[in-house]
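Right, one structure below, let's go through it.
The values are calculated or read from the model by the stated rules, or taken from the named source; none is laboratory data. Computed from a predicted structure; not experimentally measured. So basically every Cβ, Gly included, is an ideal-geometry build from the backbone, and we count neighbours across all protein chains shown. All accessible areas refer to the heavy atoms of the entire protein, side chains included, with ligands and DNA or RNA removed. Shrake-Rupley method; radii C 1.70, N 1.55, O 1.52, S 1.80 Å.
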Amino acid sequence: MNKNIVLCGVGGQGTVLASKLISGAAMNRGIPVKSAETIGMAQRGGSVFSHLRLGDNVDCPMIAKGAADIIIGFEPGEAVRMLPYLKRGGQVIVSSKPVMPVTAALAGSNYNGSEMLDYIKAKVDNVIVIDTPKACSDLGSTKVLNLLLLGAAVESGALGLCSEDIRQVIVSRIPSRFHELNFRALEYAKNVIDKGV
Amino acid sequence: MGQEFLMGNEAIAMGAIAAGVNLVAGYPGTPSTEVLETVAKRRPDNTYVEWSINEKVAMEVGAGAAYTGARVMVTMKQVGLNVATDPLMSLEYIGVKGGMVILVADDPGPISSQTEQDTRHFSRFSKLPCFDPSTVQEAYEMVQEAFEYSEKYRTPVFFRSTTRVSHGYAVVDLKEPNDYHVNSIEGFVKDTKRWVIFPKLSYQAHMDIEKRNKELAGVFSAYSRNYILNDDSKFPAKGIATGGFSFTYACEALRELGSVKLLKVSTPHPFPEELAVKFLAGLDEVLCIEELDPVIERELIYICGKYQLPVKIYGKMSGHVHTAGENSIDSVKGNIASFLGLTITDSAAVAGNELAEMPVLPVRPPVLCAGCPHRASFYAVKQAMKGKKTIFCGDIGCYTMGNAMPLDMVDTCLCMGAGLGIAQGVRHMEPDTACFAFVGDSTFFAAAIPGVINAVYNQANMTLVVLDNSTTAMTGHQPHPGTGQTMMGDVVDKVSIEGILKGIGLKFVETVDPLQYDKAVSTVTRAAEQPGVKAIIFKSPCIAIVKSDKCLSVNQDKCINCRKCIREIGCPALIIRDDRVVIDDSLCTGCGLCSQICPALAIGGEDNE
């Protein structure tokens, strides 16, 4: 199995943890993993990404344009920024919640992410939008963005990993007090997709 | 043999541990920092690790240890190497007894740096051998070999990484601890003819070094990490020469474009000359794929001249490859495709011509975090000095981002500690300008103290503003002399910045919490009125270290929607929703700066209804 996965968002949103969980799950299945991510200045509110490459015969941890099987967007605008990486027939999972940059607030912009979501839906066939404000409110926590998106990615089938793979890696990598909440987030994402929202 | 999913820097650290490293010293700097941190975390009991106060001191600590026969690693980013150059250039003539690997992480792009300098060039300048790994696994193995060569040839060696190697991750095959090299340390043996640099010694050493490097060019031609691939190329007259991370881009490109004869250079200096001659034999044209400077390209041109080989060498100098910034799979694929006369098929979901329809994307320059005390410090100085002729000299750290609008409080930034000297120079030529230098706590210890002494001695008139957030924030929160913690886990006496400044002789040294807005402004006003060299220490911890559970909100009944808060301080937690200012509760730390400047007193805590 070869999968190219792009995670993207704004510094501080938790893309790195999601990337670690996917790599951990792949490793548990004996699948080779290479990855690359943004570290440094851009982590301070800048655009950040993780590239993950699962499978054999991979030389470089970076993904070429038009080669990603899936983009997991933690922010609508950032998902659009990474769209050139998506291959034909690829999957997009995206959070509906915009993160307004200071530059936009200063300019008096009403950036709310909706035109970004419209653009993705117009250009890509396989799109799952997660209404994260609603999901976080239903789950009673703002800390589940990454598990919601990861759960949706698993359910879409585009990761090539199953929900049990992610549950196992949560148990081994995340402090036990967060397990129940994270499992609920995975389950929530599954229900959203089962309902075909 | 075990396996772990490791970052390149972690793999380099594990490689050094497997090589029996006895001492590691360095100064934090992206993208090098995790090497030393990982050694500190994973080290055997007999390994000593320290964050030195700067790279020069780290190099000297490393030299001393290597004189005893210890295996040593010194870590830094590429601009840190500039700081360490003085001891390094002499150390090359003296040499070492124990293996000494100088880990320098270069930053093509640059992504988190001031320069795009190339340590491969530096290695040529300093005459030191240089190892340049391409992958995480190779970095793990190669660093162990670098120790062997260093010890064998009694010279420090460079281990040059770049951002994508250092910060890439891969599953790495690791040695079992039983197979680690164990280094026995002989101890320092007095010998003034060996350890004391004098012109006569340097002359002799210079001849020895040149002889050794000639020998190494041959030795490296047989080194297994320099090699030729794809002798059965579909393009018999063409070749690609590459090294470092670009090797992986080239391999990915060739998977798609077809096999081409390829030279992988893992020791850019001394260059594996015999191997290169073998590679060039029978070729008409070679494309060099490398990041930063055209090091391989120059070497091949030199070799073609020396051996009179009729091969055209293309790369950055010939204009076939872009001269600055990072490579990518796509740029390299494009370079190689046009070199081979091929076209690339587009497999993207959104074809290139459709991308033009993309909506305007939010621009996200890096900014000070919500609640960052530096924002309050800059704002206090800005308000205190409003309407006066000023220059605000910035420095290296998170607070460089004080340049962003709307703060706009960094007029200059050059290198670690430079703001102090620049402020003095401006003032000598423009006596009517109030000159400020901003420096963080870690940078203060690393590079600013000589500048303060210079200012006092030479009767400068300036205000030093120390932004003390009790950590080295930008590189990921390393301890420093002011924190009272060491990388060996010891709690030690804190070195006092205020004490140092008073010891130097400053009469005006005041420490104030920048989040107490009125007090902060009045302190700046008083400092600016004093003659001579004054210092303000704005002390408030980094919000990433001291986590806050406070959060403010905007009382929409009181808010007059003037947006002064957004316009003046630009905190990322202040956003506009449905044309009203609201506070993003996932970002706000409750620092209270906005509430202190709100003219309608509309911002407050839980009781703000």
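Key figures
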item	result
Whole-Hz couplings from phi, Karplus 6.51/-1.76/1.60, listed for segment B:448-454; x for Gly and Pro	9, 4, x, x, 5, 4, 4
Pairwise burial B:A, computed as accessible area of each alone minus the pair, summed, 1.4 Å, Å²	4900 Å²
B:K494 accessible area, assembled protein chains, probe 1.4 Å, Å²	150 Å²
Members of B:K386/B:K564; A:K20/A:K195; B:K386/B:K519; A:K34/B:K547; B:K127/B:K306; A:K87/B:K333 lying beyond 23 Å, as alpha-carbon distances in this model show	A:K20/A:K195; A:K34/B:K547
Spatial separation of Cα centroids for segment B:251-315 and segment A:67-115, in angstrom	41 Å
Viscosity 1.306 mPa s, temperature 10 °C, Stokes-Einstein D of segment B:118-251 from Kirkwood C-alpha radius, µm²/s	89 µm²/s
Cα radius of gyration and Dmax for segment B:373-539 (Å)	14.9, 49
Karplus 3J(HN,Hα) series, Hz, for segment B:360-376 with 6.51 cos²θ - 1.76 cosθ + 1.60 (x for Gly, Pro)	5, 7, x, 8, 10, x, x, 10, 4, 4, 4, x, 4, x, 4, 4, 5
Descending semi-axes in whole angstrom, ellipsoid equivalent of chain B, from the Cα gyration tensor	47, 32, 23
Residue-normalised accessible area of segment A:55-162, expressed per residue, 1.4 Å probe, Å²	34 Å²
Volume per residue that the Cα convex hull of the protein assembly as shown spans, once the total is divided by residue count, Å³	179 Å³
Extension gain, B:D346 back to B:R567 (0.36 nm per residue minus Cα-Cα distance, nm)	75.1 nm
Modelled FRET efficiency - R0 51 Å, B:D549 with B:V277, Cβ distances, 0.05 increments	0.15
Euclidean distance between Cα centres, segment A:140-181 to segment B:542-609, Å	33 Å
Per-residue ³J(HN,Hα) for segment B:324-337, Karplus 6.51 cos²θ - 1.76 cosθ + 1.60, θ = phi - 60°, Hz, x for Gly and Pro	10, x, 6, 7, 8, 4, 5, 5, 5, 4, x, 4, 6, 4
For chain A, built as a Gaussian network whose Cα springs stay under 10 Å, the top-fluctuating residue of A:G157, A:G77, A:G90	A:G157
Computed log₁₀ I(q)/I(0) - Debye formula, equal Cα scatterers, no solvent, segment B:553-604, q 0.14, 0.27, 0.28, 0.31 Å⁻¹	-0.27, -1.16, -1.26, -1.60
Protection-proxy order for peptides B:18-30, B:76-88, each taking the mean of Cβ atoms within 10 Å per residue, highest first	B:18-30, B:76-88
Percent accessible area from carbon and sulfur atoms, segment B:1-122, protein chains only, probe 1.4 Å	51 percent
Semi-axis lengths, Å, segment B:268-361, gyration tensor of Cα atoms, sqrt of 5 times eigenvalues	34, 15, 10
Chain A: C-alpha gyration tensor shape, a/c 1.5 cut-off, then a/b vs b/c	rounded
Where labels lie 7 Å past Cα in the beta-carbon direction, separation of B:R577 and B:K214 in nm	7.4 nm
Inter-label distance, nm, simple model (7 Å from Cα along the C-beta direction), B:I560/B:H477	4.0 nm
Highest-fluctuation residue, A:I71, A:I39, A:I93 considered, GNM on chain A with Cα pairs under 10 Å	A:I39
Charge dipole of the protein assembly as shown about the Cα centre (unit charges at C-beta), most positive-ward option of A:A185, B:N335, A:L83	B:N335
Efficiency of FRET from Cβ geometry, B:D191 and A:S114, R₀ 51 Å, rounded to 0.05	0.10
Whole-percent carbon and sulfur share, accessible surface of segment B:373-539, 1.4 Å	55 percent
Alpha-carbon centroid distance for the pair segment B:177-205 / segment B:136-155, whole angstrom	17 Å
Cα-derived Rg over Rh, computed across segment B:495-609 with Rh taken as Kirkwood radius	1.08
Computed Kirkwood radius, in angstrom, where 1/r is averaged over Cα pairs of segment B:495-540	11.0 Å
Average projection area in nm² (convex hull over Cα atoms of segment B:1-139, one quarter of hull surface)	8.2 nm²
Dmax and Rg, reported as Rg then Dmax, of segment B:66-116 (C-alpha, Å)	12.9, 39
Cut-off under 5 Å, modelled amide H: who pairs with B:K316 long-range	B:V321
In degrees, nearest ten, helix B:517-529 long axis to first principal axis of chain B (Cα)	80 degrees
Heavy-atom accessible area ranking, 1.4 Å probe, most first, across B:H320, A:H51	B:H320, A:H51
Between helix B:246-257 and chain B: long-axis angle, C-alpha atoms, 0 to 90°, nearest 10	70 degrees
Dipole magnitude (debye, nearest 20) for segment B:16-112, charges at Cβ of Lys, Arg, Asp, Glu	280 debye
Extension gain, B:E354 back to B:S586 (0.36 nm per residue minus Cα-Cα distance, nm)	80.0 nm
Chain lengthening between B:Y227 and B:K388 when straightened (0.36 nm per residue, less Cα-Cα)	51.6 nm
Placed amide H near B:R577: partners under 5 Å, 5+ positions off or other chain	B:V582
Under 5 Å, built H, 5+ apart or other chain: amide partners of B:V49	B:V24
Accessible-area composition of segment A:44-144, carbon plus sulfur, in percent [1.4 Å probe]	46 percent
